Amino acid sequence: MRSVSIFGATGSIGESTFDLIRRGGGAEVYRTVALTGGRNITRLAEMARELRAEIAVTAHEECMPALRDALQGSGVEVAAGAGAIADAADRPVDWTMSAIVGAAGLVPGLRALRHGGTLALANKESLVTAGPLLMQTAHDFGATILPVDSEHSAVFQALTGEDRSCVERVIITASGGPFRDWDAERMATATLAEAVAHPNWSMGQRISIDSASMFNKALELVETREFFGIDPEKIEVLVHPQSIVHALVGFCDGGIMAHLGPADMRHAIGFALHWPSRGPVPVERLDLARIANLSFQTPDEKRFPALRLAREVMEARGLSGAAFNAAKEIALDQFIAGRITFPQMAVLVEETLAQMARRNDLSRDAANLDDVLQADAAARRTATEIVGAW
Ligand code: NAD
Ligand code: MG
């Protein structure tokens, strides 16, 4: 029986993963070890009972009594707190879904890699924050990381069986989000509700706003660089409003392999779940004649400065990925709280990186967890101070 754990089970990716496991036979077919979540205790407990999980963990200590009550008599162990989530990742499993949002996914992911097995990585922030450390840990412990971002799953699929030395470029697509055609003036007035309303994908709140600002694509540029080890100048972004082509890989003979699929994360999750085989996944099949048009355009880095910042981060490497992601998380918190405007998010991230670079805080490489966590914390502090002074 294949064993699985889902970190961030109650989120958008977690729910889609749960859906595939349930459709694939649930507790009859998979032995579920750990499920983790946040404050949605009812849902976490429901999932743990249905999959007969070994342990359910909430990120919040104060939610522990509710979780214990909800799982009374079920035989499911319960625990709470960030430490308990990381400890749950020490329980060996064949397949782990890393779907916590934010840098909080880094440590559980690293711990999961230490028992080998497969890490299905939706948590792109961990690659941006500590790409070299994550890849080295997987290598050292004989673990496999499979990308679960739709674009990176697409690149992975397009590269399978190919000669990597012949890759000329990798293109990841972006829908352009809800503000694709807004001018800068209008973007300055964007509300939270407008930023969350993604035209094509249904996702968690944070990644939806990151899609509107293209910080999501910025993280994905760095993710591409770190995961596939491709030179930054070979990585491109194309705006593709239909979200049908997820990525393209161009080879030295002029051919391009494109990956097409519906805007449903269960494709990328299912690919990682069945890998190295392919298995059935219940996503809608594309009707290309009905879709009729696929269009592409160059992104506007003036209105979406996150893309330019990502290029700088890919060049600088070191601890700048950790600082970039952390500053972006603070900027997002501030926008969600209504304290800064939509365009101020990028200004805040840029200013944080500039201050840290001036203090020479970013030059060490991202191979050591303590250095990474320190850079993450310093960036959060710096960004918070900058906003405080605005
Ligand atoms: P979400 O907000 O819907 O869910 C996040 C999950 O993480 C929840 O279970 C939540 O309880 C848990 N969580 C949040 N903060 C936590 C913390 N500090 N400690 C422990 N657990 C915490 O997010 P999502 O949209 O499912 O995204 C999850 C990850 O997958 C993100 O890294 C995102 O970038 C990536 N991703 C998502 C999509 C998508 O379609 N939703 C696509 C590609 C990649
Ligand atoms: Mg993506």
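The values are calculated or read from the model by the stated rules, or taken from the named source; none is laboratory data. Just so we're clear, the structure is a prediction, and the values are computed from it rather than from any experiment. Ideal geometry is used to build each Cβ from the backbone, glycine not excepted, and the neighbour counts take in all protein chains shown. Remember, those area values only see protein heavy atoms, side chains included, never the ligands or the DNA or RNA. Shrake-Rupley method; radii C 1.70, N 1.55, O 1.52, S 1.80 Å.
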Residues of segment 135-166 satisfying the condition of being touching a Phe, Trp or Tyr at 6+ places or on another chain (Cβ under 7 Å), in a helix (DSSP H, G or I) and within 15 Å of ligand 1 (Cβ to nearest atom)
152, 153, 155
Positions within segment 110-134 being outside any helix (DSSP H, G or I) and not polar (S, T, N, Q), in sequence order:
114, 115, 116, 117, 119, 120, 121, 122
Matching residues in segment 287-307 - criterion: being surrounded by fewer than 14 Cβ atoms within 10 Å (Cβ to Cβ) and not in a loop (DSSP other than H, G, I, E, B)
288, 289, 290, 291, 297
Residue satisfying all of: in segment 202-244; of a type in the set (D, E, K, R) and within 12 Å of ligand 2 (Cβ to nearest atom); farthest from residue 181 (Cα to Cα) among these
223
So, in segment 349-373, how many residues would count as being among the polar types (S, T, N, Q), outside any helix (DSSP H, G or I) and open to solvent by less than 20 Å² (accessible area, probe 1.4 Å)?
0
Suppose we keep only residues that are surrounded by fewer than 20 Cβ atoms within 10 Å (Cβ to Cβ) and without any contact (Cβ under 8 Å) to a residue 40 or more places away in the chain within segment 120-142. Which one would you say is nearest to ligand 2 (Cβ to nearest atom)?
139
Would you please name the residue that is farthest from the chain's Cα centre (by Cα), looking only at residues in segment 172-215 that are within 16 Å of ligand 1 (Cβ to nearest atom) and over 19 Å from residue 151 (Cβ atoms)?
192
Select from segment 1-26 the residues that are over 23 Å from the mean Cα position of the chain (by Cα) and open to solvent by 20 Å² or more (accessible area, probe 1.4 Å) and write down the one among them that is modelled with the lowest pLDDT.
1
Which one of these does residue 193 not meet: (1) farther than 30 Å from residue 132 by Cα; (2) in contact with a helix residue (DSSP H, G or I) (Cβ under 7 Å, 6 or more places away or on another chain)?
(2)
Restricted to segment 26-48 and to residues being touching a strand residue (DSSP E or B) at 6+ places or on another chain (Cβ under 9 Å) and assigned to a helix (DSSP H, G or I), the residue farthest from residue 104 (Cα to Cα) is 26
Got a number for residues in segment 332-348 being touching a Leu at 6+ places or on another chain (Cβ under 8 Å) and either surrounded by fewer than 17 Cβ atoms within 10 Å (Cβ to Cβ) or not in a helix (DSSP H, G or I) (or both)?
3
Single residue of 101, 107 found to be touching a residue at least 12 places away in the same chain (Cβ under 8 Å) and assigned to a helix (DSSP H, G or I)
107
Among the residues of segment 244-282, which ones are in a strand (DSSP E or B) and either open to solvent by 60 Å² or more (accessible area, probe 1.4 Å) or among the hydrophobic types (A, V, I, L, M, F, W, C) (or both)?
245, 247, 248, 249, 251, 256, 257, 258, 260
